[in-house]
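Worksheet for the structure shown next.
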Amino acid sequence: MRKAEWMIGSRARNMKIADQLIEAMRHAKRVAVLTGAGVSAESGVPTFRDAQTGFWADFKPEDLATPQAFRRNPKMVWEWYAYRRQMVANVSPNPGHHALVEVERRVPEFMLITQNVDGLHQRAGSKRVVEIHGNITRVKCFDDDGVVEKWEEKGEVPPRCPRCGGMLRPDVVWFGEELPPGAFETSVQAAVECDVFLSIGTSSVVYPAAALPFEALKAGAMVVEINPDSTSLTARASYVLRGASGEVLPALVRAAWPG
Ligand code: BJW
């Protein structure tokens, strides 16, 4: 095991976390967090790239998560997202989401950058959240790009934009699309200004999100990876906490702010 790697298993309550990391969390003025699909896994939302259970085990991203796929088969893409929207409505935030709310309450400046589109951080109570890949519960027009507040699920699939008659699509960021205006700039600023950067439950393969921990490292932050598996960040992270975020994050909060 690497020097800075700590196993957090089912007995997380009793596990040892490096004192320097605990101190850094406790005294941090600014904490930035990047989350990925792994944070919602314990809520029952599948990740994308986990070998057996991830969405991409059964579907190809280029068939579902690109504007070209939507142009080719709008009905299939709409229905896939409708299925996922329903799934997200039926799950709840897990202890990992709740622990991040506790971190936000305890550090003076906090920013949660999430690649997740499920809104579970906000439902847990997180306030300072930047959704860099959009939100699956919102819908926008494929043609005029404006968000549509109300739409009918009956009739034509996908439903039509009440303004211009264009096809409706989920308000998420597909491959080859720009991030929402200002989202990446806000995220980079949080990464380069923070004392501690937590990269949690992401495979660190999708850019530009995957660049953020490296920006934080370059700027001198302590970078902590929380993930059961290794990623391209692992070798460079200041600390690696191996385990499920729903166990590791509560353990980290308890260690940094006992009682
Ligand atoms: C647990 C756990 C537990 C399990 N606890 N952990 C530079 C280099 C190379 C390529 C590019 C580049 N810049 C841009 C690109 C292209 C592309 C890209 O990155 N491609 C790579 C795949 C090669 N990027 C883009 O196109 C982006 N746009 C862009 O760059 O715009 C600028 C531009 C525009 C036009 C022309 C040129 C430039 C947009 C990316 C959009 C990504 N969209 C998706 C779909 C969103 C909608 C939807 O939900 O369907 O976002 S793809 C999918 O991947 C989703 C996720 O947010 C994203 C990241 O995945 P994530 O969260 O990391 O999940 P997994 O499954 O990969 O990993 C889960 C992790 O959790 C694993 O590590 C597990 O071990 C762990 N885990 N259980 C903790 N309990």
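The values are calculated or read from the model by the stated rules, or taken from the named source; none is laboratory data. None of the values given here were measured: they were computed from a predicted structure. In this analysis, Cβ positions are derived from the backbone assuming ideal geometry, glycine residues included, and neighbour counts consider all displayed protein chains. Surface areas here come from the heavy atoms of the whole protein model, side chains and all, with no ligands, DNA or RNA. Shrake-Rupley method; radii C 1.70, N 1.55, O 1.52, S 1.80 Å.
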ask   = Remind me, what semi-axes does the chain give for its equivalent ellipsoid, largest first in whole Å, using sqrt of 5 times each Cα gyration tensor eigenvalue?
value = 34, 18, 17
key: Listed residues Val147, Val39, Val77, most fluctuating in the chain (Gaussian network, C-alpha, under 10 Å)   = Val147
request  = Go through segment 70-157 and name the GluC sites (Glu not before Pro) that are in a DSSP coil and have 13 or fewer other Cβ atoms within 10 Å of their Cβ.
outcome  = Glu149, Glu152, Glu153, Glu156
request  = Please determine, in degrees from 0 to 90 and to the nearest 10, the orientation of helix 74-89 with respect to the longest principal axis defined by the Cα atoms of the chain, where the helix direction is its Cα long axis.
outcome  = 40 degrees
remark   = Per residue, the convex hull enclosing the alpha carbons of segment 41-111 has a volume in Å³ of 119 Å³
query = Taking a Cβ-Cβ separation under 4.7 Å as the criterion for a possible partner, which cysteines of the chain have none?
reply = Cys164, Cys194
ask   = Would you list Arg85, Arg72, Arg160 from the most to the least accessible area, probe 1.4 Å?
value = Arg72, Arg160, Arg85
key: Cα pair distances in segment 150-199, grouped into 5 Å bins until the bin that holds the longest one, percent each   = 4, 15, 16, 13, 14, 11, 8, 9, 8, 3, 0
Residue-averaged 222 nm ellipticity for the chain, from DSSP H runs of 4+ at -39500 (n - 2.57), nearest 500 = -9500 deg cm²/dmol
task = Write down the accessible area per residue of the chain in Å², having rolled a 1.4 Å probe over the full set of protein chains.
result = 48 Å²
inquiry  = Counting only protein heavy atoms and a 1.4 Å probe, tell me what percentage of segment 138-239's accessible area is made up of carbon and sulfur.
reply    = 52 percent
